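Student: Got a structure for you, written out below as structure tokens; questions coming shortly.
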Amino acid sequence: MLAQIPAYLKSVVGPEVIAKVFETSREMQKELVNLSSRGRQIMVKNSGHMIQLDQPEVVIDAIREVMAQMQNKQ
């Protein structure tokens, strides 16, 4: 968790604030997942905000899964 925080920010913000930000972010992500009856969160290691560049195969697999679900409904 702390490895994701830039050094300049760590020197300004204490670890308790950083922990609270991550906790709040996780809670908000859970809320987003729960907006859909089929929502699902996939945690991918070694990726950042640009998961499509960091781990494109995970994104492709998720899209294929959604497409397969749509085809099975028809």
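Student: If you roll a 1.4 Å probe over the heavy atoms of the protein chains, what accessible area per residue do you get for the chain, in Å²?
Tutor: Averaged over the residues of the chain, the accessible area is 89 Å².
Student: So what's the angle, to the nearest 10 degrees on a 0 to 90 scale, between helix 56-73 and the longest Cα principal axis of the chain?
Tutor: Tilt relative to the chain: about 40 degrees.
Student: Another one. Looking at the chain, identify the longest residue range that excludes and avoids all trypsin sites (Lys or Arg not before Pro) in DSSP loops having at most 16 other Cβ atoms within 10 Å.
Tutor: The segment 1-37 is the longest one with no such site.
Student: Specify the angular offset, from 0 to 90 degrees and rounded to the nearest 10, of the alpha carbon long axis of helix 15-33 from the longest principal axis of the alpha carbons in the chain.
Tutor: 10 degrees
Student: Summing +1 for each Lys or Arg and -1 for each Asp or Glu, what net charge is found among the other residues whose Cβ lies under 14 Å from the Cβ of Asn72?
Tutor: Net charge around Asn72: +2.
Student: Only four residue types carry charge here, +1 at the Cβ of Lys and Arg and -1 at the Cβ of Asp and Glu. Report the dipole size of the chain about the Cα centre in Debye, rounded to the nearest 20.
Tutor: The calculated dipole for the chain is roughly 140 debye.
Student: How large a share of the accessible area of the chain, in percent, is made up of carbon and sulfur atoms when the probe is 1.4 Å and the other protein chains stay in place?
Tutor: 59 percent
Student: Please provide three numbers in whole Å: the alpha-carbon extents of the chain along the principal axes, with the largest listed first.
Tutor: Cα spread of the chain along its principal axes, largest to smallest: 55, 26, 12 Å.
Student: Looking at His49, Val12, Ser25, which one has the Cα that reaches farthest to the positive end of the dipole of the chain (charges on Cβ: Lys, Arg +1; Asp, Glu -1)?
Tutor: Ser25
Student: With n ≥ 4 as the cut-off for DSSP H runs, can you work out [θ] at 222 nm for the chain, using -39500 (n - 2.57) per run divided by the number of residues, rounded to the nearest 500?
Tutor: Helices in the chain give a 222 nm mean residue ellipticity of -18500 deg cm²/dmol.
The values are calculated or read from the model by the stated rules, or taken from the named source; none is laboratory data. This is a predicted model, so every value here is computed, not measured. As a convention, Cβ positions derive from the backbone with ideal geometry for all residues, glycine included, and neighbour counts pool all protein chains shown. Heads up: the accessible areas ignore ligands, DNA and RNA and are worked out on the full protein's heavy atoms, side chains in. Shrake-Rupley method; radii C 1.70, N 1.55, O 1.52, S 1.80 Å.
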